[in-house]
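Student: Following this message is one structure expressed as structure tokens.
The values are calculated or read from the model by the stated rules, or taken from the named source; none is laboratory data. Remember, predicted model here, so these are calculated numbers, not experimental data. Cβ atoms come from the backbone with ideal geometry, glycine included; neighbour counts cover every protein chain shown. The protein model used for the area step is the full one, side chains on, heavy atoms only, and it has no ligands, DNA or RNA in it. Shrake-Rupley method; radii C 1.70, N 1.55, O 1.52, S 1.80 Å.
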Amino acid sequence: MEATAPTSLPPDPRLRIPSLATVIVEGLLALLWGWVSITLLLTGVGSLFALGSGLLLLVPWVVLMQLAIRFERHRAAGVHGIDVVVPARRRSTRSGLGGWLHGLWLDVSSWPFWRGVLHHHVAMLVASIALVLFLSLVWLCWVSAEIAIVHGAVTLGSSTVPVWALALISVAALALAVLTLVLGALADRGLARAMISGSAEDLREQVLELTQRRQGAVDAAAQERARIERDLHDGVQPRLVAMAMTLGIAKGMIATDPDRATALVGEAHAEAKGIMTDLRQLARGIHPAVLEDRGLDAALSALAARSPVPVDLSIDLPTPLGREREAVAYFVVAEALTNIAKHAGATRARVDLTEADGTVRVRIEDDGRGGAQVHRDGVSTGLAGLTDRVRATGGRLEVTSPTSPPGTTQDGTQGAGPGTVLLALIPLDARPGIPATAAPATAVPTAAAPTTAAPTTEETLS
């Protein structure tokens, strides 16, 4: 599921001028679009049994209804000042055209979708009735005023309608026309509050989505702690013990064999530099310092430059993402490039970062043998960890990796396989306000040399 941040505005009990104007707009929309929508729906349903041809009408209708529901929610928040709780939307885990169609089916099979459709059409019906009454009363007001001004008193049969009566009819019709708009606006607001402002079920869906996000963050943190513990226990700790033993032996031999003690101290010095390198790699795995110092662009450029597989990197992010989402995007790319180098047998990879509709799309593609899967067996859990990291932000990770036929891309033959595509969708709805400092799109070739950094601790030790 994907939850959308609630559209929240301060409650405003007053009836505003846009509320009256929206009755006219909705009424005109009903006359121009309402009958088209109902015709598409009925014709599509009636044509389903004709070799499924009704889908050619129902699929566009569903897409248009999604847009209409989104429009109604924004209108309720912007015009009526209603707090709208947008229900969590179930998302397909598939990709491509099949994933898009599956996403449409998930929408169609959900109650919030049909409730939004019902509200859209009922609101248009109510607004059209109010508009017809308003236009009729305005016409009556105009005609009465014109007769009183141009012709004066009017004789109807044996009765005479004086000018003052015509003026009274005109004023009354105008007052009733305004009252019709007010009642239409109040009815529109009532429908919005009752049908799209949010219900207990929507709140439960939000709670479920937030629970899944929290679980994703917990799982990602647990895997990260396990990795750090494993790296310290299996890597750094034995080397520190060995270095301490070497220094202890050298200390005991200073008086008896100074040359041997000097050699042992040199070995310990070299081991200390190696341990510093391991610790630096471990710290980079927690949160790379280059992200803080130089940003996501430079960090991904360094990853592409260090990759043994040539990487085409393209970044088009108009605004900064924030610390958390930059780290998630970095680790998605880092883990994907590591897997490509170790397991894919690829000759080329491509990384694209783009932002559209409040979502960062991180796409990594290679031409390797494919067959990548998300495992949670405790052995190969790299993609599972990335899935948890992305899920903790409210996004999702899609893996498309068909397995190559036997004999096409084995260990002796690289490239030309079906390849693997990782697509991470990271929403930016919840990020804090960030100044819009434009970052130009960059295309970093693989051969780009990394820029010079400040001297490290290892360099000073040497």
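Student: If you take the residues in segment 64-85 that are over 20 Å from the mean Cα position of the chain (by Cα) and of a type in the set (Val, Ile, Thr), which one is nearest to SER19 (Cα to Cα)?
Tutor: VAL79
Student: Now a separate question. Just name the residue that is nearest to LEU296 (Cα to Cα) out of those in segment 352-378 that are modelled with pLDDT of 85 or more and hydrophobic (A, V, I, L, M, F, W, C).
Tutor: Going through the qualifying residues, I end up with LEU353.
Student: Filter segment 241-261 for residues that are among the charged types (D, E, K, R) and open to solvent by less than 80 Å² (accessible area, probe 1.4 Å) and give the result.
Tutor: Start the filter on segment 241-261 by keeping residues that are among the charged types (D, E, K, R), which leaves 251, 257, 259-260.
Passing the criteria: only ASP257.
Student: Anything in segment 139-167 that is within 60 Å of the chain's Cα centre (by Cα) and surrounded by fewer than 14 Cβ atoms within 10 Å (Cβ to Cβ)? List them, or say none.
Tutor: Correct list: TRP139, TRP142, GLU146.
Student: Considering only residues that are part of a helix (DSSP H, G or I) and closer than 20 Å to VAL421 by Cα, which ones fall in segment 289-324?
Tutor: Let us first name the residues in segment 289-324 that are part of a helix (DSSP H, G or I), namely 289-306, 323-324.
Listed by number, the residues that qualify are LEU300, SER301, LEU303, ALA304.
Student: Got at least one residue in segment 74-97 being open to solvent by 40 Å² or more (accessible area, probe 1.4 Å), of a type outside the set (A, V, I, L, M, F, W, C), in a helix (DSSP H, G or I) and modelled with pLDDT under 80?
Tutor: Filtering segment 74-97 down to residues open to solvent by 40 Å² or more (accessible area, probe 1.4 Å) leaves 74, 78, 83, 89-91, 93-97.
From what's left, of a type outside the set (A, V, I, L, M, F, W, C): 74, 78, 83, 89-91, 93-96.
Then keep just the ones that are in a helix (DSSP H, G or I); that gives 74, 78, 96.
Still in the list and also modelled with pLDDT under 80: 96.
Yes, segment 74-97 contains a residue that is open to solvent by 40 Å² or more (accessible area, probe 1.4 Å), of a type outside the set (A, V, I, L, M, F, W, C), in a helix (DSSP H, G or I) and modelled with pLDDT under 80.
Student: Suppose we filter segment 330-351 for residues that are open to solvent by less than 30 Å² (accessible area, probe 1.4 Å) and not in a loop (DSSP other than H, G, I, E, B); how many remain? Walk me through it before giving the result.
Tutor: First, the residues of segment 330-351 that are open to solvent by less than 30 Å² (accessible area, probe 1.4 Å): 330-334, 336-337, 340, 344-346, 349, 351.
Filter once more, so that each one left must be not in a loop (DSSP other than H, G, I, E, B): 330-334, 336-337, 340, 344, 349, 351.
So the count comes out to 11.
Student: Within the group GLY274, GLY285, which residue is at pLDDT below 70 and either of a type in the set (Phe, Trp, Tyr) or open to solvent by less than 30 Å² (accessible area, probe 1.4 Å) (or both)?
Tutor: Values: GLY274 fails: at pLDDT below 70.
Sole residue among the options that is at pLDDT below 70 and either of a type in the set (Phe, Trp, Tyr) or open to solvent by less than 30 Å² (accessible area, probe 1.4 Å) (or both): GLY285.
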